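Computed from the coordinates by the stated procedures, all read-outs in this text should not be read as laboratory data. A quick note: this is a predicted structure, and the numbers were derived from the prediction, not measured. Because the Cβ atoms are built from the backbone with ideal geometry, glycine has one as well, and the counts that use them run over all protein chains shown.
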Amino acid sequence: MLKTSRTMSNMAAKGPVYYQENGFLKINTYLKESKPSKVFILVDNNTHRECLAIFLQKIGTSENFEILEIEAGEINKNLETCTGLWNALSELDADRKSLMINVGGGVVTDLGGFVASTFKRGISYINVPTSLLAMVDASVGGKTGVDLGNLKNQIGIINHAEMVIIDPAFLATLPQTEMRSGLAEILKHALISREAYWNKVTNLSKLTLDDLDDIIKESVAIKSKVVTEDPEENGLRKTLNYGHTLGHAIESYFLTHSEKTTLLHGEAIAVGMVLATYISKELQDFPEDKLKEITSKILDIYKRVEFTEEDIKQIIDLMKYDKKNSHGNINFVLLKDIGNTVIDCKVPNELIWNAFEYYRKA
């Protein structure tokens, strides 16, 4: 079982996480002490409109920033977008002492971190996540990357930000669909850590905005503890992929299918967690009553997704591209119980089909 503490919010090695006004003070201190040659702020068209002015006002500095903007959406998290940004950095005379500040959701922090980590063999970057998903997951832990076609995060590198600044005030700019997407990663953190946290984060009717601040800090603490103990994903860090082996394949499939409505990351991961929990019951004796509870609570939050037989065939085929696979094997993270994870599990295709059938009927 993972034990969490708010003191773990700041990662022991690189990429410390700071909150609200303290975070903006840390950025200003960093700018004064490191004296970057140029500062670039990466936004997408949504965060340019909704968040950039808020960010600039909060840091209150007279620095001359260059603003780089990309189109919003997972569909633009690709090497073509990276090439455009690399060219822009070159044209704007960026050098190895430049700094990139990524202000946005998971696409911006993933892609911006990758662009910074590879430009001139690496420039420093800071993440300022503006979505719930990016705050609790995407911007923390040093994973950067982009998609290859419709294959999630196939190209990337682990390289920590100089710091991550989390201010829940940015969440006021988000639609409810994006908030629900981020909640899926919080639910995952709960399932791999401890039952009391699961009960807390699924009791939505009793949660206040102050509770949300605490939940964000606790989720960051859970991820930070795992990443600190296993920075290169050799063992424990794999537990953070619970629900993602099938979830990423589902997300990839819906991303480019001409007749499907694109799923947000959390919507796909929610399906993946139900499927993985069913498989956990079959292979790891996960308690059936808890499977039913988890399924019920997830389906109360996320609309059921319909799958045809052809959909499932192609989703299973996409799983072979999952980054956790090795030696030709598809590796799952499963649960013996809430907070008791098992990594590198082999799952027969027949059981995956059964899991989809369980999801359809649940």
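LYS38: which lysines have alpha carbons under 20 Å from its alpha carbon, excluding same-chain residues fewer than 8 sequence positions away? Straight-line reach from LYS38, under 20 Å: LYS26, LYS58, LYS97, LYS120.
Each Cα pair of the range 154-268 feeds into the Kirkwood radius, which the Stokes-Einstein equation turns, at 37 °C and 0.692 mPa s, into a diffusion coefficient of 206 µm²/s. Protection proxy ranking for 76-86, 144-154, using the average of other Cβ atoms within 10 Å per residue and placing the highest first: 144-154, 76-86.
By how many nm would the segment from GLU306 to LYS120 lengthen if fully extended, with 0.36 nm per residue of separation less the alpha-carbon distance? Could the numbers behind the result be given before it?
Values: separation 186, 0.36 × 186 = 66.96 nm, distance 4.52 nm.
Length gained, GLU306 through LYS120: 62.4 nm.
Take each peptide in 104-114, 256-266, 233-243, count the other Cβ atoms within 10 Å of every residue, and average; sorted highest first, the result is 104-114, 233-243, 256-266.
The distance linking the range 198-255 with the range 279-353 is 16 Å (Cα centroid to Cα centroid, whole angstrom).
For a quick check: with amide H placed at 1.01 Å from N, whose amide H comes under 5 Å from LEU42's, ignoring anything fewer than 5 positions away on the same chain? When sequence neighbours closer than 5 places are left aside, the close amide H contacts are LEU68, ILE101, ASN102, VAL103.
Among (i) 34, 22, 18; (ii) 38, 23, 19; (iii) 40, 27, 18, find the value of semi-axes √(5λ) of the Cα gyration tensor in Å that was calculated from the structure presented, and write down its label. Recomputing semi-axes √(5λ) of the Cα gyration tensor in Å here gives the entry labelled (i). When you count the other C-beta atoms within 10 angstrom of each residue and take the mean per peptide, 219-228, 63-72, 132-141 line up highest first as 132-141, 219-228, 63-72. Checking the cross-link pairs LYS188/LYS303; LYS32/LYS77; LYS297/LYS336; LYS223/LYS361 against a 22 Å limit on the alpha carbon distance flags LYS32/LYS77; LYS223/LYS361 as lying beyond it. Note that the range 93-99 has calculated 3J(HN,Hα) couplings of 6, 5, 10, 6, 9, 6, 10 Hz, one per residue in order, obtained from phi through the Karplus relation 6.51 cos²θ - 1.76 cosθ + 1.60 (θ = phi - 60°); glycine and proline are x. GNM on the chain, alpha-carbon springs under 10 angstrom: the most fluctuating residue among LYS38, LYS206, LYS290 is LYS206. For a label point 7 Å from the Cα of ASN64 along Cα→C-beta, name the residues of the range 23-45 whose backbone N is under 16 Å from it. The answer is 36-41, whose backbone nitrogens lie closer than 16 Å to the label point. Relative to the 2.2 N^0.38 Å rule of thumb, the range 230-362 has a C-alpha radius of gyration ratio of 0.99.
Between VAL342 and SER296, the simple label model (points 7 Å from Cα in the Cβ direction) yields a spacing of 2.6 nm. With the simple model of a label 7 Å out from the Cα in the direction of the Cβ, ASP214 to LYS35 spans 4.5 nm.
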